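To start, the structure under review is shown below, and the notes come after it.
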Amino acid sequence: QVQLVESGGGLVQAGDSLRLSCAASGRTASSHAMGWFRQAPGKEREFVAACNWSGTNTWYGDSVKGRFTISRDNAKNTVFLQMNKLKPEDTAVYYCAAIARTLPSTVPAGYDYWGQGTQVTVFS
């Protein structure tokens, strides 16, 4: 059983930066890949970024390429999402997720564990 807790969300102005954190507790396997998803009101949950937990490969959704960066610190069991040049369209609840395999997935159904989400609101 793995528990994920997101933090770092908030209200920011367009063009600003924000860094989200996802802390994992409980039994954590080094083979777990990690992902970030977001969901705006009335919309489907959208893939944002993913990485191999024990590797160096990363993947990004088209809408965030060049602006967002996913990283991890395995010693602290923490995954980060650095968000730069934020836009109002980035406003959503952001969720951290873990999958019990070495390769991540770009669809929500593939993940085994989810955090409670953290709200990010961008105004202009």
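The numbers here are math on the coordinates, done by the rules we state, and not lab data. Predicted model, so just to flag it, every value in this text is computed and none were measured. Neighbour counts are summed over all protein chains in view; Cβ atoms, including those assigned to glycine, are modelled from backbone coordinates with ideal geometry.
Output ³J(HN,Hα) for region 15-25: one whole-Hz value per residue in order, computed from phi by the Karplus curve 6.51 cos²θ - 1.76 cosθ + 1.60 with θ = phi - 60°, and x for Gly and Pro.
For region 15-25, the Karplus-derived couplings read x, 7, 10, 8, 10, 9, 10, 10, 9, 9, 9 Hz, x marking Gly and Pro.
Please compute the Kirkwood hydrodynamic radius of the chain from all pairs of different C-alpha atoms, in Å with one decimal.
Working: mean 1/r = 0.0703 Å⁻¹.
Roughly 14.2 Å, rounded to one decimal.
Return, for the Cα atoms of region 29-100, the radius of gyration and Dmax in Å, separated by a comma.
Spelled out, the Cα radius of gyration and Dmax of region 29-100 are 12.3, 37 Å.
From the backbone phi of region 100-112, what are the Karplus-calculated ³J(HN,Hα) couplings (6.51 cos²θ - 1.76 cosθ + 1.60, θ = phi - 60°) in whole Hz, Gly and Pro given as x?
Result, rounded to whole Hz: 7, 7, 7, 9, x, 10, 9, 10, x, 5, x, 8, 9.
I'd like the isolated cysteines in the chain, meaning no second cysteine's beta-carbon lies under 4.7 angstrom from theirs.
When partners are defined as cysteine Cβ atoms under 4.7 Å apart, the chain leaves CYS51 without one.
Using the Karplus curve 6.51 cos²θ - 1.76 cosθ + 1.60 with θ = phi - 60°, work out ³J(HN,Hα) for each residue of region 47-52 in order, rounded to whole Hz, and write x for Gly and Pro.
Karplus-based 3J(HN,Hα) across region 47-52 equals 5, 10, 7, 7, 8, 6 Hz.
Quote to one decimal, in nm, the extra length available between ALA23 and VAL107 on full extension: 0.36 nm per residue of separation minus the C-alpha distance between them. Each step should come with its number before you reach the end.
Numbers: separation 84, 0.36 × 84 = 30.24 nm, distance 2.12 nm.
Contour length minus Cα-Cα distance gives 28.1 nm.
Three principal axis extents, largest first, for the C-alpha atoms of region 1-46, in Å?
So the three principal-axis extents are 37, 23, 15 Å.
Scanning the chain for trypsin sites (Lys or Arg not before Pro) in DSSP loops with at most 14 other Cβ atoms within 10 Å, what's the longest stretch left with none? Before the final figure, lay out the partial values.
Values: sites that count: ARG27, LYS43, LYS65, LYS85.
Between exposed loop sites, the widest span is 86-124.
How long are the semi-axes of the ellipsoid equivalent to region 71-119, from square roots of 5 times the Cα gyration tensor eigenvalues, in whole Å, largest first? Walk me through the numbers on the way to the answer.
Working: eigenvalues 88, 46, 22 Å².
Semi-axis lengths for region 71-119 are 21, 15, 11 Å.
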